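Scroll down for the structure; my scribbles are underneath it.
The values are calculated or read from the model by the stated rules, or taken from the named source; none is laboratory data. Keep in mind the model is a prediction, meaning the values are calculated, not measured. Here the Cβ positions follow ideal geometry from the backbone for every residue, glycine too, while neighbour counts run over all protein chains shown.
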Amino acid sequence: DQYTANKLGSKKERTLAMIKPDAVTKVGDIIQMIYDAGLIVTKAKMTKLSWKQAGDFYMEHQSKSFFNNLVQFVTSGPVVVMELMGDEAVSVWRKVLGPTDSGAARKDAPASLRARFGTDGTKNAGHGSDSLASAARELELFFPSTTGHGPSNTAQYSYCTCC
Ligand code: GDP
Ligand code: MG
């Protein structure tokens, strides 16, 4: 089964998923979509981002016209951040999310997460890392590898760094 296929020691990608403030009440449906896509949740927490955390998280967008709206939105309420693991987790999770704009998602990918739970181009329900390098950076922001019990964020495979 999926748990056995993804158990400690197998080589899998990891990615950072965020349920944005507009979709936090849909966390149950969203976790179902994650498992239905063949991914597993290996870490999760609810948190509220500060303006600085959100700006660091979205640093590649600092010069964009939508940056302030974006940071305002993602700091407007709690978010759920998760580490997802599985075969091709980065691209599989982005496929589950659907197109960035929720309106486009409803047209082109009606079963996607953003089509189902997003509102518009900014309020679009979820985030997914866009590459393995982004995933490593974003996982480190929320689940620092120097603390706690769990896999290293830089390893391509999963093993516990403390036991
Ligand atoms: P993603 O990787 O699909 O989330 O898209 P991007 O990395 O390009 O943008 C990050 C986030 O900024 C998106 O998820 C949206 O919340 C927001 N965003 C992106 N492009 C636009 C835009 O053209 N207009 C507005 N208002 N928001 C945008
Ligand atoms: Mg992006």
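Mind listing whichever residues of the range 100-133 are hydroxyl-bearing (Ser, Thr, Tyr), within 15 Å of ligand 2 (Cβ to nearest atom) and in contact (Cβ under 8 Å) with a residue 60 or more places away in the chain?
Ser129
Looking at the range 32-66, which of its residues are assigned to a helix (DSSP H, G or I), out of contact with any Phe, Trp or Tyr (no Cβ under 8 Å at 6 or more places or on another chain) and surrounded by fewer than 16 Cβ atoms within 10 Å (Cβ to Cβ)?
Once the filter is applied, which keeps residues that are assigned to a helix (DSSP H, G or I), out of contact with any Phe, Trp or Tyr (no Cβ under 8 Å at 6 or more places or on another chain) and surrounded by fewer than 16 Cβ atoms within 10 Å (Cβ to Cβ), the range 32-66 yields Gln32, Tyr35, Asp36, Trp51, Lys52, Asp56, Met59, Glu60.
Quick one: in the range 17-31, of everything that is touching a strand residue (DSSP E or B) at 6+ places or on another chain (Cβ under 9 Å) and small (Gly, Ala, Ser), which residue is surrounded by the fewest Cβ atoms within 10 Å (Cβ to Cβ)?
Ala23
Which one of these is exposed (fewer than 12 other Cβ atoms within 10 Å of the Cβ), at pLDDT 95 or above and either away from ligand 1 (no atom under 11 Å from the Cβ) or under 18 Å from Val71 (Cα atoms) (or both): Lys95, Lys107?
Only one candidate passes the filter, namely Lys107.
Of all the residues that make up the range 101-149, how many are within 16 Å of the chain's Cα centre (by Cα) and among the small types (Gly, Ala, Ser)?
Adding up the residues that qualify gives 11.
Tell me which residues, restricted to the range 74-99, are assigned to a loop (DSSP other than H, G, I, E, B), in contact with a helix residue (DSSP H, G or I) (Cβ under 7 Å, 6 or more places away or on another chain) and either of a type in the set (A, V, I, L, M, F, W, C) or in contact (Cβ under 8 Å) with a residue 24 or more places away in the chain (or both).
Hits for the range 74-99 are Thr75, Ser76, Gly77, Pro78.
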